[in-house]
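The values are calculated or read from the model by the stated rules, or taken from the named source; none is laboratory data. Remember, it's a predicted structure, so these values are computed and weren't measured experimentally. Neighbour counts run over all protein chains shown; Cβ positions are idealised from the backbone, glycine included.
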Amino acid sequence: MKQYIGKRVGYCLLSLFLLSVTIFFFVRVTGDPATLLVEPGASHADMDAIRHQFGLDQPLWVQYGIFMSSLAHGDLGQSFYYRTPVLELYLSRLPNSLYLAAVAMALSLLIGIPSGVLASVRVGGFWDSFGKMFTLLGLSLPSFWVGLVLILVFSVYLGWLPSSGAGTPMHLIMPAFALGWYFAAAHMRLTRSAMLEVLGSEYVKLARLKGLPQSLVIAKHAFKNALIPVLTFAGINLVIMVNVSVVVEVVFAWPGIGRLLYEGISFRDFPVVQGVVLIAGAMIVIVNLVIDILYAVIDPRIRLES
Amino acid sequence: MTIQAEIIVLPSSSPERSSLRLGDFPLIPALIIGVIALVAIFANLLAPHNPEIGSLTARFRPPFWETGGSTKYLLGTDQLGRDVLSRLIFGARVSMVVGFTAVIFAGAVGTTLGIISGYLGGWVDQVIMRITDTWLALPALMFAIFLAAIVGPSMWNIVIILGLVYWTRYARVIRGEVLSLKEREFVRLAIVAGCSKWTIMRRHILPNVINSAIVIGTLMLGVVIITEASLSFLGVGVPPPEPAWGLMLSDGKQSLMVGRWWLSVLPGCCIMLMVLSANLLGDWLRVKLDPQLRQL
């Protein structure tokens, strides 16, 4: 067990290292990073000053050392536009993104789990076909377009919901749906296959042999067990959601991390772009580690396998 | 040696099988992709107007069936008076070119690295797989935005960026397949017969994983097109005045609030049709070509 966790933590650290190398390497190899780090319209003298200040006139490995040591101090640089540290900016936007992601997640589970169960109860039946259509649409529709159509119908034509901004729960409905649909589709697929697996197991057969009614077998024996993988994935998906909501946040002008990234692009505020991407990668690497360890704690087969 | 005969069809006992069999050939999706491809190829002949030049006197004309619309501009005009239909037609070209080249580029890189990683094993495998894992951890769209912010927008930059972001998806799956392939008799025989490592990878392993690469490619096509549209939508994709669907959507967003629906709904419909068709085709191919990928 200890060995397994040690190995996982090692991989995780390696991934974090590779992540920083990737980001560092791409910024430097694709041209002069000074042009990205200075504000647009800076003079030649400014550029030289920046090069010196960030150590860009030093050898690459020294530069990487500087880059890493400032990262280790939690220093992601300074935003040009807001004139505040990137980390501070990030943390101020994070709650909004988490809020949106949590509501979208709840919505996607509310839609995904029941429809997945319904689809699994009768494979090939109406609900199964309907569910397939629904998931296919969810996976094929770009979320920004779903968002725009929602605005058109509910804000422009019907005038029921505010089209952008944040503040009231009403502001949340449309972005949460636009973001949640894709994940509802994923959750439905997952619930369906988990249910099918459980429904084929010995103990469900036994429950049926005992003469329990179908509803009880499904609700009590099958559903509870099928829920485990679904909820585990929901945990991972929540982190992913925070990081993929860029377009939805832009469409609805939701002041979260995605919107921050977009502002970073629009204002050519490179430290912000770099910071947001670095944190996203690190967050997902770490969550993967936590999930791996949790699985190993729950299921001895996994830790014995490696 | 009949390599094709080596592919085992797994006896599948799961109920997935019957339900996935339901569609034989997805005719409509294939037709849609075919039509979009033809439109893209013959865009010059089909488009009634120049997609990049409009007349400012004819701004914001609605489609012909709405009041104020005329048959001169069948699907209306945008904020610069450019014909929406012509822009959609030329937009098909952008989507097709970016979609296909990016998928092929990513596929070539991913398949090559997957085969090398799986067949050679050892430290090569470790290095490639650790990089794959790390890059997979970066959310694709964010990674693409990051790269686009560095290199600046242009159509071919977008193709390279999408290739760099998505090769990992191929490498993962292909490596797994190679791991089981290399234990098989025909590979051992090839080793005994004195084939070099490169010959085995090229002549014996590659033909056996190419099916999977095609399946992943088809499934990736939709993802790549959505990503391209998202990048264009965010202003780091195909630069204006190029008529990309994502860019049109983004322009149309401004006038959505005053009810000019056609500027954003129509390009969105095109993206949806294309992606939906690619996904349906990919699902079918997956079942048809590669039973081992059914769980994907």
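Just one of the listed residues (A:TYR99, A:TYR82, A:TYR90) is under 30 Å from A:LEU172 (Cβ atoms) and outside any helix (DSSP H, G or I), and it is A:TYR82.
Of the residues making up the range A:123-175, those that are within 12 Å of chain B (Cβ to nearest Cβ) and within 16 Å of A:ASN96 (Cβ to Cβ) number 2. One residue stands out in the range A:246-271 among those that are more than 9 Å from chain B (Cβ to nearest Cβ) and outside any helix (DSSP H, G or I): the one that is farthest from the chain's Cα centre (by Cα), namely A:PHE267.
Looking at A:LEU139, A:LEU161, A:LEU150, just one residue is within 16 Å of the chain's Cα centre (by Cα) and in contact (Cβ under 8 Å) with a residue 12 or more places away in the chain, and that residue is A:LEU139. Those helices (runs of 4 or more DSSP H) of the range A:141-213 in which 3 or more residues are out of contact with any Lys or Arg (no Cβ under 8 Å at 6 or more places or on another chain) and exposed (fewer than 14 other Cβ atoms within 10 Å of the Cβ) occupy A:202-209. Regarding B:LEU276, is this residue surrounded by fewer than 20 Cβ atoms within 10 Å (Cβ to Cβ), more than 14 Å from every other protein chain (Cβ to nearest Cβ) and among the aliphatic types (A, V, I, L, M)? Judged against the criteria, B:LEU276 is not a match. Hey, could you check the range B:125-168 for residues that are buried (at least 20 other Cβ atoms within 10 Å of the Cβ) and of a type in the set (Gly, Ala, Ser) and say which is nearest to A:VAL287 (Cα to Cα)? Applying the filter and picking the extreme gives B:ALA137. Checked against (1) free of Cβ contacts under 8 Å to residues at least 40 places away in the same chain; (2) of a type outside the set (Ser, Thr, Tyr); (3) more than 27 Å from B:VAL275 (Cα to Cα), A:HIS171 passes all but a single condition, namely (1).
Within the range B:226-248, residues that are within 12 Å of chain A (Cβ to nearest Cβ) and within 14 Å of B:MET272 (Cα to Cα) have Cβ atoms under 7 Å from residues that are assigned to a helix (DSSP H, G or I) and among the aromatic types (Phe, Trp, Tyr) in these pairs: B:ALA229/B:TRP245; B:SER230/A:PHE144; B:GLY246/B:PHE233, counting only partners at least 6 apart in sequence or on another chain. Scanning the range B:29-39 finds no residues that are under 30 Å from B:LEU206 (Cα atoms), under 28 Å from the mean Cα position of the chain (by Cα) and at pLDDT below 70. Inspect the range A:272-285 for any residue being within 12 Å of another protein chain (Cβ to nearest Cβ) and modelled with pLDDT under 80 and give the result as yes or no. Checking the range A:272-285: not a single residue is within 12 Å of another protein chain (Cβ to nearest Cβ) and modelled with pLDDT under 80.
Selection over the range B:167-209 of residues that are among the small types (Gly, Ala, Ser) and either within 29 Å of the chain's Cα centre (by Cα) or under 18 Å from B:VAL124 (Cα atoms) (or both) gives a count of 4. When A:VAL250, A:VAL290, A:VAL285 are checked against the criterion of being of a type outside the set (Gly, Ala, Ser) and more than 30 Å from A:GLY10 (Cα to Cα), A:VAL250 stands alone in meeting it. Which residues, taken from the range A:52-81, are closer than 20 Å to A:TRP254 by Cβ and either surrounded by 17 or more Cβ atoms within 10 Å (Cβ to Cβ) or touching a helix residue (DSSP H, G or I) at 6+ places or on another chain (Cβ under 6 Å) (or both)? The one that is closer than 20 Å to A:TRP254 by Cβ and either surrounded by 17 or more Cβ atoms within 10 Å (Cβ to Cβ) or touching a helix residue (DSSP H, G or I) at 6+ places or on another chain (Cβ under 6 Å) (or both): A:SER79.
Within the range A:111-127, the residues that satisfy the criterion of being in a helix (DSSP H, G or I) and either without any contact (Cβ under 8 Å) to a residue 12 or more places away in the chain or within 20 Å of A:VAL247 (Cα to Cα) (or both) are A:PRO114, A:PHE126.
Every condition in (1) more than 7 Å from chain B (Cβ to nearest Cβ); (2) in contact with a Pro (Cβ under 8 Å, 6 or more places away or on another chain) holds for A:ASN243 except the one numbered (1).
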